[in-house]
Amino acid sequence: MLVVQSDAHRSHQPREIISRGQAIPHWEVASRADALLSAVKTGGHDLRPPVAHGLGPIEAIHDTGYLEFLKTAWSRWQELPDPTPYVHPYAQPNRRMTGLPTGIQGQAGYYMATNSAPIAEGTWIASLASADIALTAASALLSGETAAYALCRPPGHHAFSDLAGGFCYLNNIAIAASHLTQRWPQLAILDIDVHHGNGTQSIFYERNDVLFVSLHGDPSDYFPFFAGYADETGSGLGANKNLNLPLPKGAGDAEFLVALEVALKKIRDHKPGALLVSLGFDGFEKDPIGCLKITNACFGEIARRVSALELPTLLVQEGGYDVPSLESNLSSFLDGFNN
């Protein structure tokens, strides 16, 4: 399989996030990409670097004010008295305040949905490279490849058009999907990360050209908490173009595969020209922040069933935080997809 990857992700290495009021070590670390890359090399896949696509495809998804914030936030933060190493919001507008401040402290709250997407010195560089990885892999499909894997870091599916959150800054899969609509007027996104892809859902919620289907842990007591419920089915032109399949904590292979069949039927009924997969491995049974019990073998079975759709398919890397298992889990998925 064609695989797109870059070492530019190493410029983004914040050491901590704020969780339940405490600074803890960041789960989204560079060694994740190293483990995934090892699987790609061991599997003998066709490894290529990304091609820069400029801001045009990114601006098709993301607010220009938000992009300017991401680009300048760290340097502006460092101009504050006694700045911290990373940009973290501490005052947010929530539901009843809508004003857009001009200062960096207020803008951090306005443009950052959570305390789990700190902005470090190289975050913008890494995020641009991650988007270009997804765009380059998408362009390969436009050129005739039947499948491609975008080894993205940082991930993207929690990024809204104008909000960072949940380790995510630019929504890689949404940017790639927008790029692919130049050839295929109907697309489908299947999100199998353990966390609901709230950013992706928001971006396409009122559109009828991109179906969004997500299998994830029940958000009633699990991140992202405020989206991912079964009654969220799209609105306006996007009515019935959004399907959430939340799973109870502890659900394993059997429950996941039953839900997957529902997801695949929805995708078939949509009749997309191509499929994009938000590929997360944090549903793995040993993942430190996961809530499901998916086994290594099941990732291969998921891939076989996805591949059976026989659609041009773009795999975009999202989560997965048990670093020792990532190589074998990706290998299981890619082997299953190719067989």
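The values are calculated or read from the model by the stated rules, or taken from the named source; none is laboratory data. Here the structure is a predicted model, which means the values were calculated and not measured. Don't worry about glycine lacking a Cβ; one is built from the backbone with ideal geometry, like all the others, and counts go over all protein chains shown.
Does Thr200 satisfy being in contact with a strand residue (DSSP E or B) (Cβ under 8 Å, 6 or more places away or on another chain) and touching a residue at least 60 places away in the same chain (Cβ under 8 Å)? The answer is yes for Thr200. Please enumerate the residues belonging to the stretch 287-321 that are in contact with a Pro (Cβ under 6 Å, 6 or more places away or on another chain) and acidic (Asp, Glu). Scanning the stretch 287-321 gives a single hit, Glu318. Among the residues of the stretch 181-196, those identified as surrounded by fewer than 24 Cβ atoms within 10 Å (Cβ to Cβ) and either in contact with a strand residue (DSSP E or B) (Cβ under 9 Å, 6 or more places away or on another chain) or of a type in the set (S, T, N, Q) (or both) are Thr181, Gln182, Arg183, Trp184, Gln186. Can you find a residue that is modelled with pLDDT of 95 or more and within 13 Å of the chain's Cα centre (by Cα) anywhere in the stretch 178-188? There is no residue in the stretch 178-188 that is modelled with pLDDT of 95 or more and within 13 Å of the chain's Cα centre (by Cα). When each of Gly228, Gly199 is tested for being buried (at least 23 other Cβ atoms within 10 Å of the Cβ), under 16 Å from the mean Cα position of the chain (by Cα) and over 20 Å from Ser127 (Cβ atoms), the lone residue that passes is Gly228.
Residues that are in contact with a Lys or Arg (Cβ under 7 Å, 6 or more places away or on another chain), hydroxyl-bearing (Ser, Thr, Tyr), within 26 Å of Leu326 (Cβ to Cβ) and modelled with pLDDT of 95 or more do occur in the stretch 124-131.
Report whether or not Asn296 is among the polar types (S, T, N, Q) and without any contact (Cβ under 8 Å) to a residue 24 or more places away in the chain.
no
Only one of the numbered conditions (1) hydrophobic (A, V, I, L, M, F, W, C); (2) crowded, with 21+ Cβ neighbours inside 10 Å; (3) in contact with a Leu (Cβ under 9 Å, 6 or more places away or on another chain) is not met by Ile104, and that is (2). Can we say Lys266 is touching a residue at least 24 places away in the same chain (Cβ under 8 Å), loosely packed, with under 15 Cβ neighbours inside 10 Å and closer than 21 Å to Gly228 by Cβ? No: the conditions fail for Lys266.
Quick check on my filter: what residues within the stretch 307-333 are within 16 Å of Ala150 (Cβ to Cβ) and surrounded by 24 or more Cβ atoms within 10 Å (Cβ to Cβ)? Those that are within 16 Å of Ala150 (Cβ to Cβ) and surrounded by 24 or more Cβ atoms within 10 Å (Cβ to Cβ): Leu314, Leu315, Val316, Gln317, Glu318, Gly319, Gly320, Leu326, Leu330, Phe333.
I'd like the full set of residues that are over 19 Å from the mean Cα position of the chain (by Cα) and either in contact (Cβ under 8 Å) with a residue 40 or more places away in the chain or surrounded by 13 or more Cβ atoms within 10 Å (Cβ to Cβ) (or both), limited to the stretch 56-74. Hits for the stretch 56-74 are Gly65, Phe69, Lys71, Thr72, Ala73, Trp74.
Of everything in the stretch 288-318 that is more than 19 Å from Ala140 (Cβ to Cβ) and of a type in the set (Val, Ile, Thr), the residue that is nearest to the chain's Cα centre (by Cα) is Ile289.
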